[in-house]
Protein chains: 2
Amino acid sequence: MSEGTEGAGTTTRERIVDATAALLRRQGYDGTGVKQIAREAGATLGSLYHFFPDGKEQLAVAALRRDSENYTALLREALDSSDDPAEAVAACALSLAERLRESDWRDGCLVAAAALENVGRSPTIQVAWKESLAVWQEQIAARLRACDVRPEIADDTACTVLSTLEGAEVLSRITSDDKPLRTAAGYLGTLVTTVCSLG
Amino acid sequence: MSEGTEGAGTTTRERIVDATAALLRRQGYDGTGVKQIAREAGATLGSLYHFFPDGKEQLAVAALRRDSENYTALLREALDSSDDPAEAVAACALSLAERLRESDWRDGCLVAAAALENVGRSPTIQVAWKESLAVWQEQIAARLRACDVRPEIADDTACTVLSTLEGAEVLSRITSDDKPLRTAAGYLGTLVTTVCSLG
DNA sequence: TACTTGATAGATCGATCGTTCTAATGTCGA
DNA sequence: TCGACATTAGAACGATCGATCTATCAAGTA
């Protein structure tokens with residue numbers, strides 16, 4: 001076997017998952033082929049279907065689980081970056097902007113990139129995507145509750161913050177400009193300030 | 001020829017554009033086949049390539065132009081529905097929620113549904129998508145300027161409003177629940193109120 | 001040494017992809 | 001009636017799709 005310069009993952013399975021996540025982020029679900037995944041991972045089709053007998057759907061869910069952890073970590077870091085919850089939420093948007101800019105607007109949120117194609121088509125994928133969104137929303141809500149925001153208000157606020165983050169990322173990618181995310185950072189800050197001041 | 005029960009468009013070209021728009025909304029770009037478009041439009045491949053010799057990309061751009069008008073009309077109606085700019089912007093989110101719910105979470109924004117797949121791949125499509133976003137942003141910004149909001153502030157606010165609308169629609173479609181859009185409506189209202197009160 | 005099992009390798013399947021092609025059909029004015 | 005042109009019709013192309021298949025290889029156990 002010719003072990004060339006390979007990605008981070010050591011095992012074949014890890015390399016496949018990593019490659020899937022990267023390709024789904026850039027090309028979406030329908031735009032990514034199983035053979036392309038195998039090629040990119042330095043694996044063969046046989047290995048791929050050995051580890052993921054249920055095929056592309058199982059592959060996508062596994063990739064999401066992996067990628068979701070990255071996003072959770074990014075959010076955690078940003079949310080803990082300041083004592084001021086407004087600054088903390090704004091930092092989330094700015095972190096996304098930075099990551100996006102550094103990758104030439106290619107590496108965005110996997111959920112956003114490969115979501116709508118499967119709405120009403122693959123329940124498995126739709127549920128997994130929904131779960132990731134719920135985790136992120138709860139993460140933001142918890143940060144707000146820590147500032148004495150009432151639980152229901154915290155949930156609603158977190159929901160809209162997440163909507164704005166995802167939407168601003170889409171706009172930033174389409175326009176190849178981080179302005180939507182940077183602008184959103186400012187408005188999300190004032191939004192959180194308002195919510196917190198209300199108790 | 002068997003003229004069955006056909007869609008709204010009279011001419012073949014119109015039926016093709018309408019079918020393309022409907023399918024792109026539901027399935028995205030890569031998920032929609034040219035042959036499927038022709039079938040859905042009640043046209044043949046020959047007719048399709050006669051009117052759209054540049055193929056799928058040209059087809060997508062034409063469909064966007066058509067669909068963009070629909071969205072522009074929806075925004076105009078919502079933005080004119082109230083003298084209060086906050087209520088007007090909130091009405092945009094509620095209109096999107098209603099349309100989405102009525103179509104069982106299928107008919108969303110074409111731009112959002114078929115955008116990310118072509119980022120960094122088809123400049124033609126990316127430019128067209130960008131233009132639609134600019135039109136909608138200007139539409140919202142104009143509504144804010146009419147309430148004596150300073151032009152730069154109006155632009156930034158409109159940008160974030162658009163981000164939130166698109167993002168909330170994505171979340172609503174994934175979760176099959178209009179809560180993200182309805183919640184966003186409330187927060188966008190308070191956001192606009194804050195912006196307007198600052199002069 | 002035999003046997004089992006996890007993993008790798010890639011040919012092959014039928015279906016569909018976007019596109020091109022030729023031929024036929026309909027609709028005009030001359 | 002005739003050509004000119006717009007439109008329709010669908011076969012065909014090479015490529016790729018997701019998935020299945022058999023065969024081989026490597027490591028561990030008896």
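The values are calculated or read from the model by the stated rules, or taken from the named source; none is laboratory data. What you are looking at is a predicted structure, and each value in this text was computed from that prediction instead of being measured. Using ideal geometry, Cβ is built from the backbone for each residue, glycine included, and neighbour counts are taken over all protein chains shown.
When residue B:81 is tested against (1) part of a helix (DSSP H, G or I); (2) free of Cβ contacts under 8 Å to residues at least 24 places away in the same chain, just one condition goes unmet, and that condition is (1). Residue under question is residue A:66, and the condition is that it be modelled with pLDDT of 95 or more, more than 16 Å from DNA strand C (Cβ to nearest atom) and either within 21 Å of residue A:16 (Cβ to Cβ) or in contact with a Lys or Arg (Cβ under 6 Å, 6 or more places away or on another chain) (or both); does it hold? It is true that residue A:66 is modelled with pLDDT of 95 or more, more than 16 Å from DNA strand C (Cβ to nearest atom) and either within 21 Å of residue A:16 (Cβ to Cβ) or in contact with a Lys or Arg (Cβ under 6 Å, 6 or more places away or on another chain) (or both). Taken over the stretch A:150-179, the criterion of being closer than 15 Å to residue A:97 by Cα and of a type in the set (Asp, Glu) is satisfied by A:166, A:169, A:177, A:178.
Residues of the stretch B:97-111 include none that is more than 13 Å from chain A (Cβ to nearest Cβ), within 16 Å of DNA strand D (Cβ to nearest atom), touching a residue at least 24 places away in the same chain (Cβ under 8 Å) and under 21 Å from residue B:129 (Cβ atoms).
Being within 13 Å of DNA strand C (Cβ to nearest atom) and out of contact with any Phe, Trp or Tyr (no Cβ under 9 Å at 6 or more places or on another chain) is the filter here, so list the residues in the stretch A:44-59 that pass it. Residues satisfying the conditions are A:44, A:45, A:46, A:47, A:48, A:49, A:50, A:51, A:52, A:53.
In the set A:21, A:93, A:63, A:41, only one residue is surrounded by 15 or more Cβ atoms within 10 Å (Cβ to Cβ), among the small types (Gly, Ala, Ser) and farther than 20 Å from residue A:135 by Cβ; that residue is A:41. When residue B:20 is evaluated against the numbered criteria (1) polar (S, T, N, Q); (2) within 13 Å of DNA strand C (Cβ to nearest atom); (3) over 19 Å from the mean Cα position of the chain (by Cα), which criterion, by number, is the only one it fails? Just one mismatch for residue B:20, condition (3). Of all residues in the stretch B:32-56, those satisfying the criterion of being in a loop (DSSP other than H, G, I, E, B), farther than 15 Å from residue B:107 by Cβ and more than 9 Å from DNA strand D (Cβ to nearest atom) are B:33, B:52, B:53, B:54, B:55. Out of the stretch B:147-172, which residues are at negative phi, touching a residue at least 12 places away in the same chain (Cβ under 8 Å) and more than 10 Å from chain A (Cβ to nearest Cβ)? Listed by number, the residues that qualify are B:147, B:149, B:150, B:153, B:154. For the stretch B:173-183, filtered to residues that are more than 17 Å from the chain's Cα centre (by Cα) and touching a residue at least 60 places away in the same chain (Cβ under 8 Å), the residue that is surrounded by the fewest Cβ atoms within 10 Å (Cβ to Cβ) is B:176.
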